[in-house]
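Report on the following structure.
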Amino acid sequence: MGYYVTTPIYYVNGEPHLGHVYTTVAADVLARHMRQRGEDVFFLTGTDEHGEPVAQAAEREGVAPRELADRNAERFKQVAERVNATNDFFIRTSDPEHAAVVTEVVARLKRDGHVYAGTYEGWYCPRCADFKTDAELIEGDRCPVHLIELEREKEDNWFFRLSAFQEPLERLYADRPDWVLPGNRYNEALSFIQGGLRDFSLSRARISWGVPVPWDPEQVVYVWVDALLNYYSALSYAREGEDLRDEFWPATVHLIAKDILKFHAVFWPAILMAAELELPERVFIHGYLLMDDHKMSKSLGNVLDPFKVMDLYGTDALRYYLLREVAFGQDGSISPEGFENRYNTELANEYGNLASRSLAMIERYRDGVVPEARAPAALVAELEGMAAAVCSRLDRVEVSGALDDVWQTVRRLNRFVAEETPWKLAKDPEQADRLDSVLYALAEGLRVVSVLLHPYLPASAERLLAALGREDRSIEGARFGSGAGGARIGELGQLFPKVEAPEPSAAP
Ligand code: MSP
């Protein structure tokens, strides 16, 4: 079985912001790391293009939905490339191949008795593409997320018999306690289920921007059903002439934020059960990036343009900051000050300077050749098991936890330099062996942390590994002390140069 990781598909009613980049970068770290472990990886991201969120935004802008979708899908594609995401495919739900799978699955749901005709009466938020209960509304019948006034709707729809899956879903949660992670989100989803499940509308009559219901073309398939099926449909046409579902279905992990928990942790498994398809192994829910204590979102207007941030500080710095500043799985604030601080103290000093100092010492004291020596045994013992720890963290999707583990080692290596004072050893010919051992350990330490950091800082880690004269990027080779000496050191330059922010507002 391969390793299949997904991000949500993003709505094309707006442009990408850092919140979207966050999930994409986290998924990319998992994908890159698993490739380093020799796994067959498929990494999917893309755009959600149907339904009211997009149709209404297009109307406001006075363009056809497809035009808005084409324009913004391109922006999402570009941002994925710009953050160095190694997605294997970019799905757009307006792809005809996707629509064909939606049609096929929905028809099967109908055939097998999971769908019936009914009348929906209640509240609907077109921006959430979600139905709201009275209790959820805030004062003035407004959506709690978008704060817009909602109208009461009455509509003849096709309904999906979600209530029939109450028991199977409870069983799923009992049998697979880590199918939803972290635990607090598991509890949240489970209590939603235990609160009693109501059938939901599988179709919408008011709009035409969507996949027609196969037996009733007056209606379109509800955008959430259309969207969720992307995870499955993509595998059917991502590679021409191949059906990747055999190798990659069920998905290994869906990454999402908590705003769409209900859809992924309740609706999605029920739809899959009804369609007799296997369930994903895991849904991991990360928290929100906050700015000034509020969720960063287009509707609140407190968004940062990821392109600007990357122009100023580079892609790696942004990737690093997002996964370092906010513990993956929890909410956390980001700020320009926090960014500069991490950039200067951690990336530039702790990692960048460690690298340039170490290479300079190898250059000066050993003519640029890494000594063929052994690292001090105590250090070897201390760093043993680091790669294994990172692997087991990432198996549990602890993306910041794994990064923190590696960073502890970066700091350990800095302390090692301070303890060993190689510049003093260099003055004493009797300490030549010790100096060999210290310089070897530094090159070796940099090699191992850079292999492990590679998924997070692909460009910088690559540069450093190249300067160390190393080819192997595999996790298997990332054992401290296993690398041979003798390599000739190359040019490195500054990994994280000082940045003068032109004006405060341009900084993140
Ligand atoms: N189209 C749906 C998802 C369908 S998936 C089958 C949707 N799109 S969205 O454009 O609103 O993207 C939501 C996702 O973007 C979140 O689940 C999260 O992954 C990411 N984020 C958007 N803003 C974010 C933050 N401020 N913080 C963290 N993640 C954020 O919902």
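In the chain, taking the dipole from charged Cβ atoms about the Cα centre, the farthest positive-side position among Ser392, Trp215, Val5 is held by Ser392.
Filter Lys132/Lys154; Lys154/Lys262; Lys110/Lys258 down to the pairs with a C-alpha to C-alpha distance above 21 Å, please.
Working: Lys132/Lys154 13 Å; Lys154/Lys262 23 Å; Lys110/Lys258 30 Å.
Exceeds cut-off: Lys154/Lys262; Lys110/Lys258.
Looking at the range 3-286 alone, DSSP beta bridges between its own residues are antiparallel in about 50 percent of cases. Taking 7 Å steps out from each Cα toward its Cβ at Asp243 and Asp70 produces label points 3.2 nm apart. Counting every Cα pair in the chain, what percent are over 38 Å apart? Every Cα pair in the chain considered, those over 38 Å come to 33 percent. Rounded to the nearest 20 debye, the dipole size of the chain about its Cα centre is 920 debye, using +1 on the Cβ of Lys and Arg and -1 on the Cβ of Asp and Glu.
Taking every alpha-carbon pair under 8 Å whose residues sit at least 6 apart, the chain reaches a relative contact order of 16 percent.
Annotation: amide H-H contacts under 5 Å for Tyr10 (H modelled 1.01 Å from N, sequence separation of 5 or more, or interchain): Gly46, Thr47, Asp48.
Listed cross-link partners Lys424/Lys498; Lys77/Lys308; Lys295/Lys498 are compared with a 22 Å cut-off, the Cα-Cα value being larger for Lys424/Lys498; Lys295/Lys498.
Spin-label model, Ser392 to Arg198: label points 7 Å out along the Cα-to-beta-carbon direction sit 4.5 nm apart. Distances between every pair of Cα atoms in the range 287-367, grouped in 5 Å steps from 0 to the bin holding the largest one, split as 3, 13, 19, 21, 16, 9, 7, 5, 4, 3, 1, 0 percent.
For the range 36-110 and the range 1-18, what is the centre-to-centre distance using only Cα atoms, to the nearest Å? Cα centroid to Cα centroid, the span is 8 Å.
Taking the solvent-accessible surface of protein heavy atoms with a 1.4 Å probe, what is the per residue accessible area of the chain in Å²? Before the final figure, lay out the partial values.
Working: 21030 Å² over 508 residues.
Dividing the accessible area of the chain by its residue count gives 41 Å².
Here Lys77 sits with roughly 80 square angstrom of accessible surface, probe radius 1.4 Å. Extending 7 Å from Cα along the Cβ direction at Glu281 and again at Glu372 yields two label points whose distance is 4.2 nm.
With a Förster radius of 45 Å applied to the beta-carbon distance between Arg206 and Asn344, the computed FRET efficiency rounds to 0.30. Our Cα-only numbers for the range 306-467 put the radius of gyration and Dmax at 16.9, 54 Å.
Using alpha carbons only, how many angstrom separate the centre of the range 189-214 from the centre of the range 401-447? Each part's Cα centre sits 59 Å from the other's. Note on the chain: dipole from Cβ charges, positive end direction compared against Ala373, Leu18, Pro269; the farthest Cα belongs to Ala373. The calculated FRET efficiency for Ala466 paired with Glu170, based on their beta-carbon distance and R0 = 45 Å, is about 0.25. Any idea how far the Cα center of the range 334-394 sits from the one of the range 223-264, in Å? Taking the Cα centre of the range 223-264 as reference, the centre of the range 334-394 is 38 Å away. The Cα atoms of the range 3-286 give a gyration tensor whose axes a ≥ b ≥ c have a/c under 1.5, which makes the shape rounded. Backbone amide hydrogens, once placed in the peptide plane, bring Glu153 within less than 5 Å of Gly122, Trp123, Tyr124, excluding anything fewer than 5 places away on its chain.
For n ≥ 4 DSSP H runs only, could you compute -39500 (n - 2.57) per run for the chain, divide by its residues and tell me the 222 nm figure to the nearest 500?
Working: 20 runs with 223 residues, N = 508.
So the calculated ellipticity at 222 nm is -13500 deg cm²/dmol.
What is the extension gain from Ala432 to Phe89, computed as 0.36 nm multiplied by their sequence separation minus the C-alpha to C-alpha distance, in nm to one decimal? Present the calculation step by step, with values, prior to reporting the outcome.
Details: separation 343, 0.36 × 343 = 123.48 nm, distance 5.30 nm.
Result: 118.2 nm gained on full extension.
How much of the DSSP beta bridge set in the chain is antiparallel, as a percent to the nearest 5? Close to 50 percent. Taking the Cα centre of the range 306-467 as origin and assigning +1 to Lys and Arg Cβ atoms and -1 to Asp and Glu Cβ atoms, the resulting dipole is close to 160 debye. Rounded to the nearest 10 degrees, the inclination of helix 166-175 to the longest alpha-carbon principal axis of the chain is 20 degrees.
Under the 0.36 nm per residue contour assumption, what length would be gained going from the current alpha-carbon distance of Ser482 and Glu139 to full extension? Can you show the working numbers first?
Working: separation 343, 0.36 × 343 = 123.48 nm, distance 6.41 nm.
Extra length available between Ser482 and Glu139 comes to 117.1 nm.
With no other cysteine's Cβ closer than 4.7 Å, which Cys residues of the chain count as lacking a disulfide-compatible partner? Isolated Cys, the chain: Cys391.
Along the axis of the charge dipole computed for the chain (Cβ charges of +1 for Lys and Arg, -1 for Asp and Glu, origin at the Cα centre), the listed residues Ile362, Gly332, Tyr124 are led at the positive end by Ile362.
Using unit Cβ charges (K, R positive; D, E negative) and no other charged atoms, how large, in debye to the nearest 20, is the dipole of the range 145-281 about its Cα centre?
Details: 13 positive and 23 negative charges, 89 e Å.
That gives a dipole near 420 debye.
Rounded to a whole number of µm²/s, how large is the Stokes-Einstein D of the range 324-364 at 37 °C and 0.692 mPa s, given Rh as the Kirkwood radius over C-alpha pairs?
Values: Rh = 11.9 Å.
Estimated via Stokes-Einstein, D reaches 277 µm²/s.
Sorted into 5 angstrom bins from 0, the C-alpha pair distances of the range 93-250 split as 2, 8, 14, 15, 19, 18, 15, 7, 2, 1, 0 percent.
The values are calculated or read from the model by the stated rules, or taken from the named source; none is laboratory data. In this text, all values refer to a predicted model and were calculated from it rather than measured experimentally. In this analysis, Cβ positions are derived from the backbone assuming ideal geometry, glycine residues included, and neighbour counts consider all displayed protein chains. The protein model used for the area step is the full one, side chains on, heavy atoms only, and it has no ligands, DNA or RNA in it. Shrake-Rupley method; radii C 1.70, N 1.55, O 1.52, S 1.80 Å.
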